[in-house]
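The values are calculated or read from the model by the stated rules, or taken from the named source; none is laboratory data. Keep in mind it's a predicted model, so treat the numbers as computed, not measured. Virtual Cβ from ideal backbone geometry, glycine too; neighbours counted across all protein chains shown. Just the protein is used for accessible areas: all its heavy atoms, side chains included, with ligands, DNA and RNA removed. Shrake-Rupley method; radii C 1.70, N 1.55, O 1.52, S 1.80 Å.
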Amino acid sequence: MKGRDEIAQALAASGYVADADLATAISLMQLLRRPLLLEGEAGVGKTEVAKALAKVHATELIRLQCYEGLDQSSALYEWNYQRQLLAIQAHRGADSIEDQVFSEKYLLERPLLAAIRRSKAPVLLIDEIDRADDEFEAFLLELLSDFQVSIPELGTIAAVTIPHVVLTSNGTRELSDALRRRCLYHYVDYPDVDRETRIILVRVMGASPSLSLQIARMVEGVRKEELRKVPGVAETLDWAAALVGLDVTNLHDAPETVHETLVCLLKTHEDRARVTPEVTQRLLGKVA
């Protein structure tokens, strides 16, 4: 089990700059072998945690994207009905055909079943669990408690290895107490200027320390405006890459380019109209 500092260094080497609290949460997640629930606004980097964790462990990332109406068959397993039908037609009249078609040969793994049947523990990302229904959330409890699932035709399937489970939530609905009790919890907030500067330096080739700091400070100012959609880290990286690609080395030397490229940060018509050239100039004035 790695300590907090080792985890932070390993994540940074994989391209994710974590703060001390997140590194501690991941360290405890691995020590206790408990799922980790990451909650926060869209775009703060929750999903990237799971991707970086898979790189750290040099293992497979298995992702279950949640959505309204997600059911067990889409998340756990399905039978290959087409192959079953062909087998039944080919063996019409055979007494044992029903047992044969409900066997491993005709089983289609979905993310949850795949995650507990890997010989090397994968990272299981259950992304945006708040978008799924209460019924599906309840179904997850057995898996997260015992790491086993029940298939009527095959019986109970226990985990070969315990996956590293990361759940993310954007907070669009309240999650159940039962789910929260089974998980460790960390709230992922927008990074502060120092951490966002380091993120830019790690992720954007060609971004100098001074430009990265200016970008981080400018984004901090933009986030404080009354926006409909606050830009996340992904938008910051897009903007930084655009400025580097346009050979901008100092924001003050290219105010028009700075304003024009804010389309990388502002994703609605209302927000684009709100951040006028005058607002951009005001925000630039606060950037050293």
Place +1 on the Cβ of every Lys and Arg and -1 on the Cβ of every Asp and Glu in the chain, take the dipole about the Cα centre, and give the residue among THR172, TRP239, THR268 whose Cα lies farthest towards its positive end.
TRP239
In order through the range 10-23: 3J(HN,Hα) via Karplus (6.51 cos²θ - 1.76 cosθ + 1.60), integer Hz, x for Gly, Pro:
5, 5, 4, 5, 8, x, 10, 9, 9, 7, 5, 5, 5, 4
If we count every other residue with Cβ under 9 angstrom of GLY221's Cβ, Lys/Arg +1 and Asp/Glu -1, where does the sum land?
+3
Find, among the GluC sites (Glu not before Pro) in the range 206-241, those assigned to loop by DSSP (not H, G, I, E, B) with at most 14 other beta-carbon atoms within 10 angstrom.
GLU225, GLU226
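For the chain, give the magnitude of the charge dipole about the Cα centre (Cβ charges: +1 Lys/Arg, -1 Asp/Glu; no others), in debye to the nearest 20.
On the way: 33 positive and 44 negative charges, 150 e Å.
The dipole magnitude comes to about 720 debye.
If you average the sequence gap of Cα pairs under 8 Å that are 6 or more apart and divide by the length of the chain, what percent do you get for the contact order?
Details: 437 pairs, mean separation 60.8, N = 288.
It rounds to 21 percent for the chain.
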From most to least accessible, 1.4 Å probe, no ligand or DNA/RNA atoms counted, ASP253, ASP19 line up as ASP253, ASP19
Give the residue from GLY155, LEU36, ALA52 lying farthest towards the positive end of the charge dipole for the chain; charges sit on Cβ (+1 for Lys and Arg, -1 for Asp and Glu) and the dipole is referred to the Cα centre.
ALA52
DSSP beta bridges in the chain [antiparallel fraction, %, rounded to 5]
30 percent
Using modelled amide H (1.01 Å from N, peptide plane; none on Pro or chain starts), what sits under 5 Å from the amide H of LEU167, excluding residues fewer than 5 places away?
LEU36, LEU37, LEU38, ILE126
Viscosity 1.002 mPa s, 20 °C: Kirkwood-radius Stokes-Einstein D of the range 108-198 over Cα pairs, µm²/s:
144 µm²/s
Can you list the equivalent-ellipsoid semi-axes of the chain, largest first and in whole Å, using the square root of 5 times each Cα gyration tensor eigenvalue?
45, 21, 17
Sort out for me the Cα centre separation of the range 163-227 from the range 25-84, rounded to whole Å.
18 Å
What is the distance, in nm, between label points placed 7 Å from the Cα along the Cα-to-Cβ direction at GLU278 and at GLU153?
6.9 nm
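With Cβ to Cβ distances under 13 Å as the rule, what net charge do the other residues near PHE147 carry (K, R +1; D, E -1)?
Around PHE147, the charge tally is +3.
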At most 10 other Cβ within 10 Å, DSSP loop - chymotrypsin sites (Phe, Trp or Tyr not before Pro), the range 168-257:
none
Pairwise FRET efficiency - ARG63 versus THR249, Cβ, R0 = 35 Å, nearest 0.05:
0.40
Restricting to Cα pairs under 8 Å and 6 or more apart, the percent relative contact order of the range 193-279 works out to 30 percent
Can you sort HIS252, HIS57, HIS186 by solvent-accessible area, 1.4 Å probe, largest first?
HIS252, HIS57, HIS186
Using every Cα-Cα pair within the range 193-279, state what percent have a distance larger than 18 Å.
36 percent
Compute the signed sum of charges (Lys and Arg +1, Asp and Glu -1) over the other residues within less than 15 Å, Cβ to Cβ, of SER176.
-4
